[in-house]
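**Student:** This is the structure, below, for whatever I ask next.
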Amino acid sequence: MAKEFGYCSSGCTRPQFEKQINNINSRYPYAIIIKEVYSSKVSDRTELNKLISQLERDDTLIINSLDKLGRDPEVVLSYYKTLAQRGVKLIFIQQPYMNTEVFTSSFEDMISRTTDADKEIIRESLYRLLLEQIKRILEQSWEELQQHRGKMRESYEQARREAKEDGHQTGKKYESRKSFMVKELIKKYNQNYEGTMNDVQTMEQIRNDMGTLSRNTYYKYKKELSVG
C-alpha cells in the first residue's frame, strides 16, 4: 500500500519545523512526518537518506519547499533523479511546478513522438533544464534570506541615525548592531512581547535568522529590554 511521507529540515529544532509541518499536514493530513536538524558544519542529511532508502514505488514524499532538500543544486538534482527513477512521487508545496509528476508528464509527452534511441538523450536534456531551474530557485531562496537580514541591518542603521539627530549624550555608547537586531527579534518572536514563542523557541528562531547566539547573550539582551 502506497504511503505518504513529509520531510522537514531546519537549522533549528522547533519554530521552522512547526511551519513546515503545518503546511504539509494542511494538504496531506495522513503524511508521516520525518524531521531533520542540520547545521552549516554538518551538511549530511542522514534522516533524508534513510527515508529515501525505505521509499517504494508509488509512495509520495512531500516537502514544503525545494531548498529543504539542500543548498547544492547538484545534490538536490541527485535526490530528484533517484526518486523519479524509482517511481516515487515528489511534491513541493511552494513550487508545485517542480513536482516529479510534471517532469514525468513532460518526458512521456516528448518520447511519444520519438524513437527509443533518443529517449535517454531527451531525459538528460530535461534534467539539464531542471538543474537550471533548481539553481534559480535556490538562488532566490538565498536572496530572500539575505534581504531579511538586510532589513534588520537597515533598521539598526536607521535607529542610529535617529539617535544622532536627537543628540547623543557624551560618554554614552551606541548600541551594537547585534544587540539591536537580537532585541528586535526577541520583540517579534517572544511571547512576552509581540510573539507566541517561549524563550527556548525564541533562541532557536533567532539562531535560524542570524546564526550563532549563546544562551547568556540572549538573556542579557532580554533583560536589557525589560529594564529599558
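**Student:** In debye, nearest 20, what is the charge dipole magnitude of segment 175-228 about its Cα centre with +1 on Lys and Arg Cβ and -1 on Asp and Glu Cβ, if you could check?
**Tutor:** It works out to roughly 160 debye.
**Student:** In whole percent, what relative contact order does segment 187-228 give with Cα contacts below 8 Å and a gap of six or more residues?
**Tutor:** Computed over segment 187-228, the figure is 20 percent.
**Student:** What's the local net charge at residue 56, with K and R +1, D and E -1, over the other residues with C-beta under 15 Å away? Present the calculation step by step, with values, prior to reporting the outcome.
**Tutor:** Working: positive: 3, 50, 57, 86, 89; negative: 4, 58, 59.
That sum, taken over residues with Cβ under 15 Å, equals +2.
**Student:** Of the cross-linked pairs 187/223; 35/178; 188/222; 50/89; 81/135, which ones have a Cα-Cα span greater than 24 Å in the structure shown?
**Tutor:** Where the Cα-Cα span goes over 24 Å, the pairs concerned are 35/178.
The numbers here are math on the coordinates, done by the rules we state, and not lab data. What you are looking at is a predicted structure, and each value in this text was computed from that prediction instead of being measured. Here the Cβ is made from the backbone with ideal geometry for all residues, glycine too, and neighbour counts use every protein chain on show.
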